[in-house]
Amino acid sequence: MALADYQNDMEGCSRCSSCKWVPYNQIKSWRFGKNCPSIVQNNFHAYSGSGRMIMAQSILKGRSELNDDVTDIIYKCQMCGACDTACKVYRDDIDLTEVLLELRAHCVESGQLIIEHMAMIDALKKDDNVIGEPKEKRGDWAEGLAVKDINTEQADVIFHAGCRFSYDAELRQTVRAAVELLLEAGVDVGIAGKEESCCGARAYELGYRGEAENYADDMISRMKASGAKTVVTPCSDGYAAFRFLYPRMGKELPCEVVHMTEYLTRLVSQGRLRLKGEVPITVTYHDPCHLGRMGEPFLGEWSGDKLSRPMSMKRDGKKGVYDAPREVLAAIPGVELQEMERIKEYSWCCGAGGGVYEAFPEFAEWAARERIEEALATGAEALVTACPWCEKVFRQAVNEMNSGLTIYDISDLVIKSLRS
């Protein structure tokens, strides 16, 4: 696809500003009624979904050109999909997120690049990760775990850790806990270790599509060689890549794709994990964008008038993974869940997506602080999520705010129940 393919979407935008808000019938308070970090922080229409649609159309028709200021606006966006979901409550024929992605691809094709993003892509090409760490250390997080190496032996389940979990020492306990839970349940699980590569999703969101396709091919080859029936990942970015991005590129994985929270739900319901230990804590749950609205499965391409597009092919954010994490929390004795106002497909972004964490760290942390304030308003002692990028930026925000809120991954609480 190209920017010109979405001309009708751009022209169909009525400038109603619904993209800036949680749908009006879902708003519970003025304080937490907005949905887009970019427009809230910058308070200028160009930074909204609608504003970027106007910008894209102007560029397409040759009325304006890319420059550093325009590029800055294009990339000060987490690509969280909240504007698209809100828009689709009122309009059936606009794919706002697709226009934003095409706008970024146009930037890359035109050589209008962000320095920090170039560094990410260079790291990807050199060491197969966007963190900038040595490839040979990618599997160090699993040292001492009795898990199979799929490079030398086959396994029924492949555990794909993802870039952030593989290298972030602060999150090492969480990713190890996830594998320990699988081993505890008797799952025949293996990892690729130092041979594991990035899923390519971040490259795609930045506009570097060729790189994303290369990593899809790599993952498909690894899955075929392993003979695995299922790939389980604790990374919401990886989940969205495997469930949506790869099939859309015509590169669907030859196996079942399951997020860690979904697999935990399965193991608990089958009685393979018995959560008997009490964990007395009041928590609130943050829906990661790439597990929720951006984690919807690929529904197929629609050609023709989008007003005739059936609901079954409309990517509206409602088909993401929302129930599984809450079912796991409900299964842990002692855990009490207090929901925030913006949840599920209307969740506020953690701030770390779309290359914002790398290029505009202060903006990322600002968005995270907004979510922390919403979590604190519930009276919860801890904020639980299911994405390493969310967990990373939330921990930084909590430390900066000195709020006392504890940040957990769901796997952290499950293993607390098993070990207590």
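The values are calculated or read from the model by the stated rules, or taken from the named source; none is laboratory data. Note that the structure is a prediction, hence the values are computed from the model and not measured. Glycine also receives a Cβ, built like all others from the backbone with ideal geometry; neighbour counts cover every protein chain displayed.
The set of residues in the stretch 149-176 that are surrounded by fewer than 20 Cβ atoms within 10 Å (Cβ to Cβ), over 20 Å from Glu391 (Cα atoms) and in contact (Cβ under 8 Å) with a residue 24 or more places away in the chain comprises Asp149, Asn151, Glu153, Gln154, Asp156.
If you check Glu370 against the conditions, is it of a type in the set (D, E, K, R), surrounded by 24 or more Cβ atoms within 10 Å (Cβ to Cβ), part of a helix (DSSP H, G or I) and in contact (Cβ under 8 Å) with a residue 12 or more places away in the chain? Working first, answer last.
Details: of a type in the set (D, E, K, R): yes; surrounded by 24 or more Cβ atoms within 10 Å (Cβ to Cβ): no; part of a helix (DSSP H, G or I): yes; in contact (Cβ under 8 Å) with a residue 12 or more places away in the chain: yes.
Judged against the criteria, Glu370 is not a match.
Search the stretch 298-317 for residues being part of a loop (DSSP other than H, G, I, E, B) and touching a residue at least 60 places away in the same chain (Cβ under 8 Å), and hand back the single one that is nearest to Asp9 (Cα to Cα). First the steps, then the outcome.
First pass over the stretch 298-317, keeping only residues part of a loop (DSSP other than H, G, I, E, B): 298-305, 309-310, 314-317.
Then keep just the ones that are touching a residue at least 60 places away in the same chain (Cβ under 8 Å); that gives 305, 309, 314-317.
Working: Asp305: 11, Arg309: 14, Lys314: 14, Arg315: 14, Asp316: 15, Gly317: 18 Å.
The residue in question is Asp305.
Of all residues in the stretch 56-74, those being crowded, with 22+ Cβ neighbours inside 10 Å and farther than 18 Å from Val356 by Cα number 1.
Scanning the stretch 385-403 for residues that are touching a Pro at 6+ places or on another chain (Cβ under 8 Å) and not in a helix (DSSP H, G or I) turns up Thr385, Ala386, Cys387. In the set (1) loosely packed, with under 15 Cβ neighbours inside 10 Å; (2) β-branched (Val, Ile, Thr); (3) in the same structural domain as Trp21 (by TED's automatic domain parsing), Thr85 fails one condition alone, (1).
Can you name every residue in the stretch 70-82 that is more than 20 Å from Asp5 (Cα to Cα) and under 18 Å from the mean Cα position of the chain (by Cα)? Give the derivation first.
Residues of the stretch 70-82 that are more than 20 Å from Asp5 (Cα to Cα), as a first pass: 70-73, 75-78, 80, 82.
Hits for the stretch 70-82 are Tyr75, Lys76, Cys77, Gln78, Cys80, Ala82.
Determine whether the stretch 185-199 contains at least one residue that is buried (at least 24 other Cβ atoms within 10 Å of the Cβ), within 16 Å of Arg248 (Cα to Cα) and either of a type in the set (Phe, Trp, Tyr) or in the same structural domain as Met1 (by TED's automatic domain parsing) (or both). No: the stretch 185-199 contains no residue that is buried (at least 24 other Cβ atoms within 10 Å of the Cβ), within 16 Å of Arg248 (Cα to Cα) and either of a type in the set (Phe, Trp, Tyr) or in the same structural domain as Met1 (by TED's automatic domain parsing) (or both).
For the criterion of being farther than 27 Å from Asp305 by Cα and assigned by TED's automatic domain parsing to the domain that holds Leu103, Asn8 fails.
Residues in the stretch 370-406 that are in contact with a strand residue (DSSP E or B) (Cβ under 8 Å, 6 or more places away or on another chain) and among the polar types (S, T, N, Q): Thr378, Thr385, Thr406.
Determine which single condition Glu136 fails, assuming it passes every other condition in (1) without any contact (Cβ under 8 Å) to a residue 60 or more places away in the chain; (2) out of contact with any strand residue (DSSP E or B) (no Cβ under 9 Å at 6 or more places or on another chain); (3) within 30 Å of Ser420 (Cβ to Cβ). In the conditions (1) without any contact (Cβ under 8 Å) to a residue 60 or more places away in the chain; (2) out of contact with any strand residue (DSSP E or B) (no Cβ under 9 Å at 6 or more places or on another chain); (3) within 30 Å of Ser420 (Cβ to Cβ), Glu136 misses (3) alone.
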